[in-house]
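Enquirer: Here you go, one structure.
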Amino acid sequence: MLFTPRTPRVVAARRLHRRRDREATGRFLAEGPQAVREALAAPGVVTELFGTPAALDRHAELAALAAGGDVPVSAVTDDALAALAETVTPQGLVAVCRHLDVPLDRALARAPRLVAVLAEIRDPGNAGTVLRTADAAGAGLVIFAGDAVDPYNGKCVRASAGSLFHVDVVRAPDPAQVVGALRAAGLAVLATTGYGEDDLDDLADAGRLAAPTAWLFGSEAHGLPAALTDAADARVRVPLHGRAESLNLAAAAAVCLYSSARAQRRPRDGRAHVTTGETDRP
């Protein structure tokens with residue numbers, strides 16, 4: 001039996017395109033085999049998997065993984081899948097997932113060494129890309145602070161390319177409270193701004209990026225609120241060596257996060273560790 005766009009379970013899942021329904025149900029949609037694979041790897045997150053017969057056959061390992069975890073696997077018509085998907089060319093699979101929110105205090109109790117704070121960022125594509133970059137750089141926590149985009153917005157989920165399921169995600173309504181909590185947890189709080197008095201390269205050269213660090217990123221259009229830049233331990237600019245006026249949000253975040261990641265992984269004596277393939281001996 002194939003579910004159609006009018007099947008009640010498809011209708012209910014389709015409502016999750018709207019933020020109010022995501023908030024009311026604590027559910028969201030993850031579209032495409034990559035997102036579905038990462039979601040299924042997180043225990044207890046997926047509550048149902050929809051797929052066209054062709055997609056379920058093509059990705060039989062994902063259907064089997066879902067079924068083995070007692071996740072209902074529902075075959076749907078192409079029209080039903082198109083109603084569930086938001087992309088122009090759907091890839092045939094959509095999973096219904098539980099929200100992944102972690103309380104801020106619990107996330108900080110895990111002692112993350114690298115944190116990204118998305119303060120008032122409203123563009124879902126930018127937010128998802130920064131989340132993906134933070135994951136790639138080894139960050140353990142991404143905070144959506146203040147009036148930020150919903151991390152479960154479909155475009156944000158897709159832009160994260162599965163990273164949404166890898167890191168702790170916190171939603172916090174008060175960015176100032178977030179800064180206080182980060183500092184109390186022992187993290188240096190660095191605000192990104194094109195007019196910062198501290199140059200990113202200078203901080204790296206001085207060894208100041210090796211400590212546990214939280215980076216504050218603001219919207220591409222308006223930057224960080226003045227109150228947050230003032231509350232940070234330092235206001236940092238990314239040096240521009242060419243003629244470009246600025247970097248976009250995602251690029252600036254990548255530069256900052258990877259600068260911290262490199263500094264935090266560098267041996268304390270400042271020398272790069274070279275692997276020879278032999279067991280190190282004293």
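Derivation of every value follows stated rules applied to the coordinates shown; laboratory data play no part. On a predicted model such as this, the values are computed, not experimentally measured, just so you know. Positions of Cβ are generated from backbone atoms using ideal geometry, with glycine treated the same way; all protein chains shown enter the neighbour counts.
Enquirer: What are the ³J(HN,Hα) values, in whole Hz, obtained from phi via the Karplus relation 6.51 cos²θ - 1.76 cosθ + 1.60 with θ = phi - 60°, for each residue of region 164-174 in sequence order, with x given for Gly and Pro?
Expert: 3, 8, 9, 10, 5, 10, 10, 10, 10, x, 10
Enquirer: Taking every eigenvalue of the Cα gyration tensor of the chain, multiplying by 5 and rooting it, what semi-axes result, largest first, whole Å?
Expert: So the three semi-axes of the chain are 38, 22, 17 Å.
Enquirer: Rounded to the nearest 500 deg cm²/dmol, what is the calculated helix-only ellipticity per residue at 222 nm for the chain, with -39500 (n - 2.57) per DSSP H run of length n ≥ 4?
Expert: -10500 deg cm²/dmol
Enquirer: What spacing in nm lies between the two simple spin-label points modelled at Arg19 and Glu61, each 7 Å away from Cα in the Cβ direction?
Expert: 3.7
Enquirer: Output needed: percent of Cα pairs per 5 Å distance bin for region 65-178, bins running from 0 to the one holding the longest distance.
Expert: Calculated P(r), rounded to whole percents: 2, 11, 19, 20, 17, 12, 10, 6, 2, 0.
Enquirer: Bin width 10 Å, alpha-carbon pairs only: give the P(r) of region 7-112 as whole percents, running from 0 to the bin holding the largest distance.
Expert: Histogram of Cα-Cα distances, whole percents per bin: 15, 46, 28, 9, 2.
Enquirer: So if I take the centroid of the Cα atoms in region 170-220 and the same for region 1-35, what is the distance between those two points in Å?
Expert: Region 170-220 and region 1-35 have Cα centres spaced 36 Å from each other.
Enquirer: Determine the percent antiparallel among the DSSP beta bridges restricted to the chain, to the nearest 5.
Expert: Antiparallel bridges: around 30 percent, rounded to the nearest 5.
Enquirer: Also: Helix by helix, which DSSP H runs in the chain go 15 Å or more along their axis at the Cα atoms and have an average Kyte-Doolittle hydropathy of -1.0 or more?
Expert: What comes out of the filter, once short or polar helices are dropped, is 124-136, 249-265.
Enquirer: Provide the packing ranking of 166-174, 106-114, i.e. peptides ordered by the mean count of other C-beta atoms within 10 Å per residue, highest first.
Expert: Top of the packing list down: 166-174, 106-114.
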